[in-house]
Amino acid sequence: MAIIELKDVTKSFGRVNALRGISVKIDAAEVHCLLGDNGAGKSTLIKILSGVHKPTQGQYEFEGKPVELTSPREALDLGIATVFQDLAMLPLMSITRNFFLGREPKKKFGPVEVFDSGKASKITNEELSKIGIKIRDPDQAVGTLSGGERQAVAIARAVYFGARVLILDEPTSALGVKEAAVVLKYIVQAKTKGIGVIFITHNVHHAWAVGDTFTVLNRGTSYGTFKKGEMTRERLLQMMAGGEELEELAVELDLIAKRDPSEAGKLEHRVAEELDREAHPKS
Amino acid sequence: MAALRKVLVRPELGAVIAAIGIFVFFSIVAGTRGFLTAQGTINYLEVGAEHGILAVSVALLMIAGEFDLSIGSMIGAAGMLIAIPVTKFGWPPWLAILLAFAFSLAVGYFNGWLVVKTRLPSFIITLASLYLLRGLTFGLTIALLNYTRASGMGTYLSGDPLVAIFSGAPLGLKISIWWWAGLTLVLGWVLFRTPYGNWIFAAGGDALAARNVGVPVARVKISLFMLTAATATLLATIQVLDTGSTDVLRGELAELEAIASAVIGGNLLTGGYGSVIGATLGALILGMVQQGIFYTNIDTNWFKAVLGAMLLAAVLLNNYLRQQALRSR
Amino acid sequence: MQRNLKSKIITALALAASFLVPVAGFAQKKPHIIVVTHGQVSDSFWLVVKNGVDQAAKDTGSDVDYRSPEKFDMVAMAQLIDAAVASKPDGLVVSIPDADALGKSIQAAVKAGIPVISMNSGSDVSKKLGCLMHVGQEEYVAGKGAGERMKAEGVKKAVCINQEVGNAGLDARAKGFKDGLGTDVEILAVGMDFTQSRNAFSGYLQKNPDVEGILALGPTGSEPALQALQQAGKVGKVKFGTFDLSPTVLEALEKKEMDFAIDQQQFLQGYLPVVFLANYVKYGLLVATNSIPTGPGFVTPDNAKQVIDLSKKGIR
């Protein structure tokens, strides 16, 4: 049974249709990639999955039962953890405090409950080393970590607090090649722990490296969901790039080039050829 | 090296350095003219206490990312809420004091609720409260007393159960100093040793992210606005009982001095970072400078210029130290 | 090389000496007097007082500090008095606008053996708190002087404009006026707003066309009243006086639109206490009285011009 299933979900903001008729299934121990160019509706879809928005139409089912999430906190309680692009990490705060924010371990000090920082530091150290991050001091500010390390802490936090589904919103988009590779490694680790990972990205190469299932969004609708065996990377690229638009653009540039024999014209002609090649990849 | 970095990271470091520096400066320049006498020391500690009682709560609110500009007006309003019922309507002081606190908690709640609900900058909302409260204080006082001052409290104070905890001078130190110390210890402990304190940092660092992980940001902010209003009333109570009188202008500009103390003490204006001890040190520095300058030969007309220069220096120092602390290794 | 070294030594010595100047000041036994008032130097009234203080410092060769809180703030003023006491001056001059708030600090000064002279406000509490004397204007006496003056001019019906009802000092002025005039005087209460005060007074004039004398207790009341009189065409037809000076008042006096202004001569309130304390400290000499009235001084159209010149110099 799928952990999360969206059935024919539509989301409108006033007269603007952000999503139309989206049906998607997330299983345990799988990496499901959500692909699409900017403006495809990926962020709206995540916001629905993580409880920030409610679908205008359609069903949201968790373990087969319909749910209506009214806040990210509710989603979190169900085990749906989202790591947003801004990470929800406070740079001036220590790693330990960030790790346990909102779920601080407590111990009694007479009649009052205090923050058990000793226990918190110990666990933070352990969890981070489990995913291979060695930090000198869990009390150092999160701001001293690199972008990739911060992503890793966010993922480690979600995993520790018992996430069943991990939604990652463009985790590699702002990272260099080496750091991105590290994050992809953690995604795979999470999957092996049995977590269903939703990996949102516009980078087909990253998605191809770790994904089991792919859903491509374009302007609010889905082109379909495909398992890895049913798909090739080039076709995925073509789907995402919107093949028809590229063809049209190539024709237009060609026309301009024919009318203009100058250097600019020759340049346009070359670009048209290149776009044509991308629109019709030889597979 | 790690130990040194741990010290560098503390937001209070700049304030400690500045406090020591200023103390040494005044000791050299004005030590024999009264700065180093017992009386002189108590004098600047008293002034420090008045800033400090406000600064510690203002610091917490600032760390949570908000400002309360209305506390100065609250001091005036609370003072009248105590003095008028007692001197004109014969209320027992303890009842009037409770009234003042109840009023301030209500105003604090209202301020906080407005800020959270409208998502407008607290700067603007509490600026409006500043005028509203001060205006109401003026209007009601003149309507009831036909005068801008209420005096003669002294005769009603003996034997009242609450008066004792807000007045007097145990061990020669005015009660305001004891309250200052107590508030610093308690609030400092809350900030660093409780989950609630963590939430204060989170609310100021990134309220949205905090809310997303389940921190009750609205509740935290509203409670902190109630705290600032309450400490303003605490100060007003101490002052009214001490001087036996109050006037409609009491507390004017106190909010700026409290914010200045907090900032000198290393609290970030943008929130998410700071400490209560720092704010207390900032208040101490402000008190030392405000009173210390009178023991020197410097013309008091230059006082404001000196204070401004100090504020700038303290902020620059704190900024530099913080950048060192956050440098990626 | 020799010259360089010499100049360095001289500079170093000069720097060291400058540090010692405050200490040296003490060594010569110049009287050190501290003046603490509730009035800011930015207020033109108190600037005149400070000028008096500075002049006295020069004339007696004393070291005088003038201190006041940044705004009207009784708590801060009490703290300033405490600070003054801690620096153990030879003498202390204070104004007492709020005896409740300042009483403890003043009594502490007296107890510490510092001679204290009060000025400007607090004439009724000065002796009780232990001050040597009070230098200022007795409000009741000044009011009485104004009343007697108007009585001599034949005024039988008068009105008194009070711009700050509840101020004990102003109340004393009004009472004195009533007693000096010998008849009952209506008190017209106005506020700080110019237009409202003027309209209030215009209303009074309309209801009482037979009023013969007007006394304002301050420029805040007299300036709107003057405009109201001008609008009603009654300037010069009634006797019009005020307490305290302002440029508008002085101009009106010169133009004979007002009959007199009562000047409390605040320059003397700054000057005299410092002179008395300096002589007391140096030689143990003290004037044998509890109260030196610096007012009422009457400014009339005859001497208005001289006063205007002096007011520009900050003496009046």
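Yes/no matrix, rows are residues, columns are (1) within 27 Å of B:A96 (Cβ to Cβ); (2) away from chain C (no Cβ under 14 Å); (3) in contact (Cβ under 8 Å) with a residue 12 or more places away in the chain:
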{"site": "B:A230", "(1), (2), (3)": "yes, yes, yes"}
{"site": "B:L241", "(1), (2), (3)": "yes, no, yes"}
{"site": "B:A262", "(1), (2), (3)": "no, yes, yes"}
{"site": "B:Q291", "(1), (2), (3)": "no, no, yes"}
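Residues in the stretch C:269-309 that are among the acidic types (D, E) and in a helix (DSSP H, G or I): C:D309 alone. For the stretch A:106-132, a residue qualifies if it is out of contact with any Pro (no Cβ under 9 Å at 6 or more places or on another chain) and at the interface with chain B (Cβ under 10 Å from one of its Cβ atoms), and the qualifying residues are A:F109, A:V112. Looking at the stretch C:66-157, the helices (runs of 4 or more DSSP H) lying wholly inside it that each contain 2 or more residues that are closer than 27 Å to C:I187 by Cα and more than 14 Å from chain B (Cβ to nearest Cβ) sit at C:139-152.
For the stretch A:75-98, does any single residue satisfy the condition of being in contact with a helix residue (DSSP H, G or I) (Cβ under 8 Å, 6 or more places away or on another chain), free of Cβ contacts under 8 Å to residues at least 12 places away in the same chain and acidic (D, E)? Within the stretch A:75-98, one or more residues are in contact with a helix residue (DSSP H, G or I) (Cβ under 8 Å, 6 or more places away or on another chain), free of Cβ contacts under 8 Å to residues at least 12 places away in the same chain and acidic (D, E). Scanning the stretch C:218-254 for residues that are of a type in the set (D, E, K, R) and in contact with a Pro (Cβ under 8 Å, 6 or more places away or on another chain) gives C:D244, C:E254. Filtering the stretch A:78-104 to residues that are in a loop (DSSP other than H, G, I, E, B), over 16 Å from the mean Cα position of the chain (by Cα) and within 9 Å of another protein chain (Cβ to nearest Cβ) leaves A:M89, A:L90, A:P91, A:L92, A:M93, A:F100, A:L101, A:G102, A:R103, A:E104. In the list B:L268, B:L321, which residue meets the criterion of being touching a Leu at 6+ places or on another chain (Cβ under 6 Å), of a type in the set (A, V, I, L, M, F, W, C) and within 14 Å of chain A (Cβ to nearest Cβ)? Every option except B:L321 fails the conditions. With respect to the conditions (1) part of a loop (DSSP other than H, G, I, E, B); (2) within 14 Å of another protein chain (Cβ to nearest Cβ); (3) out of contact with any helix residue (DSSP H, G or I) (no Cβ under 6 Å at 6 or more places or on another chain), A:P138 lacks only one, and its number is (3). Test A:R157 against the stated conditions and say whether it is part of a helix (DSSP H, G or I) and facing another protein chain (nearest Cβ under 10 Å). So A:R157 fits the description; yes.
With respect to being modelled with pLDDT under 95, within 14 Å of chain C (Cβ to nearest Cβ) and out of contact with any helix residue (DSSP H, G or I) (no Cβ under 6 Å at 6 or more places or on another chain), B:F192 falls outside the description. The helices (runs of 4 or more DSSP H) falling completely within the stretch B:1-93 that include 1 or more residues that are within 10 Å of another protein chain (Cβ to nearest Cβ) and surrounded by fewer than 23 Cβ atoms within 10 Å (Cβ to Cβ) map to B:2-9, B:13-30, B:38-63. Among (1) within 13 Å of another protein chain (Cβ to nearest Cβ); (2) among the polar types (S, T, N, Q); (3) part of a helix (DSSP H, G or I), which single condition is B:S223 missing? Every listed condition holds for B:S223 apart from (1).
With respect to the conditions (1) surrounded by fewer than 24 Cβ atoms within 10 Å (Cβ to Cβ); (2) within 17 Å of the chain's Cα centre (by Cα); (3) not in a loop (DSSP other than H, G, I, E, B), B:E252 falls short on a single one, namely (3). Here is a check on your reading of the model: is C:V238 in contact with a strand residue (DSSP E or B) (Cβ under 9 Å, 6 or more places away or on another chain) and more than 17 Å from C:G143 (Cβ to Cβ)? When the stated conditions are applied, C:V238 passes them. Looking at B:G154, B:G159 in this structure, which one is over 30 Å from B:K221 (Cα atoms) and part of a helix (DSSP H, G or I)? Answer to the check: B:G154. Is it the case that the stretch C:211-230 has a residue that's free of Cβ contacts under 8 Å to residues at least 40 places away in the same chain, outside any helix (DSSP H, G or I) and over 23 Å from C:E164 (Cα atoms)? No; the residues of the stretch C:211-230 include none that is free of Cβ contacts under 8 Å to residues at least 40 places away in the same chain, outside any helix (DSSP H, G or I) and over 23 Å from C:E164 (Cα atoms).
The condition (being in contact (Cβ under 8 Å) with a residue 40 or more places away in the chain, over 27 Å from A:A154 (Cα atoms) and not aliphatic (A, V, I, L, M)) is satisfied by just one residue among A:K65, A:K7, A:K25, A:K108: A:K7. What residue, among those in the stretch B:141-156 that are of a type outside the set (S, T, Y) and crowded, with 17+ Cβ neighbours inside 10 Å, is farthest from the other protein chains (Cβ to nearest Cβ)? Per the criteria, the residue is B:A150.
The values are calculated or read from the model by the stated rules, or taken from the named source; none is laboratory data. Predicted model, so just to flag it, every value in this text is computed and none were measured. Heads up, the Cβs are rebuilt from the backbone with ideal geometry, glycines too, and the neighbour counts pull from every protein chain shown.
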